[in-house]
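Encoded as structure tokens, the structure appears first; notes follow it.
The values are calculated or read from the model by the stated rules, or taken from the named source; none is laboratory data. Note that the structure is a prediction, hence the values are computed from the model and not measured. Heads up, the Cβs are rebuilt from the backbone with ideal geometry, glycines too, and the neighbour counts pull from every protein chain shown.
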Amino acid sequence: MTDTQVVITGGGIGGIGAALMLGRRGISVTVLERDPELTEGGFGLQLGPNITRMLKREGVFDEIAPLMVFPKRLAFRNATTGAFLNYLDCDDFERRYGSRYAVMHRNDLLQALARGARATGNVTIINSAKVTEFADHGDHVSVRTDAGAEVTGQVLLAADGIHSLVRRTWHGDAVVPTGYVAYRGTLPEDRLTGEFDFNDLTLWMGPGLHFIQYGLRDGHELNQVAVFRSPAYERGEEDWGGVDELSERFQGLFPPVEEGVKGLSMVRGWPMVDREPLETYVRGRVALLGDAAHATLQYLAQGAGQSLLDGSSLATNLAALGDGPWSDDEVARAFAAYDAERVPQASRVQATSRFWGEMWHVDTVGAVMLRDHLFATIDRYDYKLYDWLYGPALEEGGAGGASLDALETATVG
Ligand SMILES: Cc1cc2nc3c(=O)[nH]c(=O)nc-3n(C[C@H](O)[C@H](O)[C@H](O)COP(=O)(O)OP(=O)(O)OC[C@H]3O[C@@H](n4cnc5c(N)ncnc54)[C@H](O)[C@@H]3O)c2cc1C
């Protein structure tokens, strides 16, 4: 049996990020991860300026920055005609938001967070430890693993992903399917064909699909993601979203898109699902974080970043309680602050991601014309569509964390 201040289930980016930020504040943490190793798929990840700014505030940015690539432009293009519609100026993000837009390899991020967590001397990471039970005993929490080990602590943070045990137990809600599926892949530079501007992160938008390309690891790799609506899903078939559909859906598009898709890994696709927003992430001495709390469609590229924001908020609010042992009232105070800081903003990311996807994927002639006109004519230095997301958050004295009631007007700026 192990005793610790904070027990975290799940050693993904959310769980390990939270462990790092807690450990840096002198809080003892035990992370239980079901897989034998800490590892993330071999793909890229985008981190908006809201996330890189928070990493600076947490004092961990300088360690991770050498592993990042900082695109100069977020470019928007029509996947059918190839038309270049517009771009966002990432250099200007530094001025506006005090930090850059970054992309990096997922596993590079996870390993850097894990190194940082271990270096604090306060974090223990246990692999091959699938948590099968958890309990809130009022004055402490406990979890049990499939190997029969028991870990106790003062609070439990459930960072066990979209199929979280705690979320299932509390809410039992199903994931929300969309009928879209993603294929991903990275190509080393010696396998690149055609031209690609590594200064850009390019989003190609097409009917019921999109394709994203950006460079990783100093431009030595190209990361690509193709997402499409499955015709088989729409027909109600059980087997849907296969590679045959991928090839079919991207056939005849602008040549760099059609060609690019051939460089994806065909081993598996990821069905695009999210969850409905929750009103609270906490109950007693247990809190949800990351995808367990607010799984989102990836169209704003914020899921992992939002999980890191959760960790930062929890670490700040738990550290404010002092050394402990933390009373029920103190935990309630810290968790209430966490809810107040995180629920509105993460819920808004969930809702806006859905809307953003719908806008990219329009498929009627009129709607495509309108979308392209909107993208082409929008003033790239008018930030009202992005301030709520990339701007300073509530805890930094900014406008982040608008209420759910404000969502409707907020999503359309
Ligand atoms: C195609 C695609 C592209 C994306 N692009 C981006 C992007 O550009 N930027 C971005 O910020 N986000 C992006 N995301 C979202 C991002 O990947 C997720 O939001 C993020 O990985 C969630 O992290 P997490 O730690 O909460 O959950 P997870 O990464 O799912 O980690 C959960 C961990 O818990 C472990 N676990 C589960 N159950 C148990 C148990 N019972 N006991 C112990 N351990 C357990 C799992 O093994 C896993 O390691 C993307 C997602 C997809 C699908």
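Some observations on this one:
- Residue within the stretch 293-308 that is modelled with pLDDT under 95, within 11 Å of the ligand (Cβ to nearest atom) and within 21 Å of Gly10 (Cβ to Cβ) present: yes
- Within the stretch 185-210, considering residues that are closer than 16 Å to Ser247 by Cα and among the small types (Gly, Ala, Ser), the one surrounded by the fewest Cβ atoms within 10 Å (Cβ to Cβ): Gly208
- Looking only at the stretch 218-239, and only at residues there that are among the charged types (D, E, K, R) and surrounded by 19 or more Cβ atoms within 10 Å (Cβ to Cβ), the one that is modelled with the lowest pLDDT: Glu221
- Condition met for Thr81 (away from the ligand (no atom under 16 Å from the Cβ) and not in a helix (DSSP H, G or I)): yes
- For the stretch 240-255, the count of residues that are in contact with a His (Cβ under 9 Å, 6 or more places away or on another chain) and either within 12 Å of the ligand (Cβ to nearest atom) or at negative phi (or both) is zero.
- If the condition is being closer than 30 Å to Glu279 by Cα, in contact (Cβ under 8 Å) with a residue 40 or more places away in the chain and either among the polar types (S, T, N, Q) or in contact with a Pro (Cβ under 6 Å, 6 or more places away or on another chain) (or both), then the stretch 167-204 contributes Thr178, Val181.
- Check on Gly23, touching a helix residue (DSSP H, G or I) at 6+ places or on another chain (Cβ under 8 Å), more than 30 Å from Tyr299 (Cβ to Cβ) and touching a residue at least 60 places away in the same chain (Cβ under 8 Å): yes
- Residue check for Gly366: within 30 Å of Gln213 (Cα to Cα), modelled with pLDDT of 95 or more, within 15 Å of the ligand (Cβ to nearest atom) and not polar (S, T, N, Q): no
- For the stretch 142-172, the set of residues classified as in a strand (DSSP E or B) and surrounded by 14 or more Cβ atoms within 10 Å (Cβ to Cβ) consists of Ser142, Val143, Arg144, Thr145, Val151, Thr152, Gly153, Gln154, Val155, Leu156, Leu157, Ala158, listed by residue number.
- The stretch 1-15, subset within 7 Å of the ligand (Cβ to nearest atom) and under 22 Å from Glu150 (Cβ atoms), residue surrounded by the most Cβ atoms within 10 Å (Cβ to Cβ): Gly15
- Subset tally (residues that are surrounded by fewer than 24 Cβ atoms within 10 Å (Cβ to Cβ), in a loop (DSSP other than H, G, I, E, B) and within 14 Å of the ligand (Cβ to nearest atom)) for the stretch 16-65: 11
Per-residue answers, yes or no, for (1) assigned to a helix (DSSP H, G or I); (2) in contact (Cβ under 8 Å) with a residue 40 or more places away in the chain:
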residue	(1), (2)
Tyr214	no, yes
Asp218	yes, yes
Leu222	no, yes
Val227	no, yes
Ala232	yes, no
Trp240	no, yes
Val267	no, no
Glu276	no, yes
Ala292	yes, yes
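- Some residue of the stretch 189-201 being within 11 Å of the ligand (Cβ to nearest atom) and in contact with a Phe, Trp or Tyr (Cβ under 7 Å, 6 or more places away or on another chain): yes
- Of all residues in the stretch 210-230, those satisfying the criterion of being more than 10 Å from the ligand (Cβ to nearest atom) and touching a strand residue (DSSP E or B) at 6+ places or on another chain (Cβ under 6 Å) are His210, Phe211, Gln213, Gly215, Leu216, Glu221, Leu222, Gln224, Phe228, Arg229, Ser230.
- Candidates are the residues of the stretch 125-141 that are away from the ligand (no atom under 14 Å from the Cβ) and at negative phi; the one that is surrounded by the fewest Cβ atoms within 10 Å (Cβ to Cβ) is His137.
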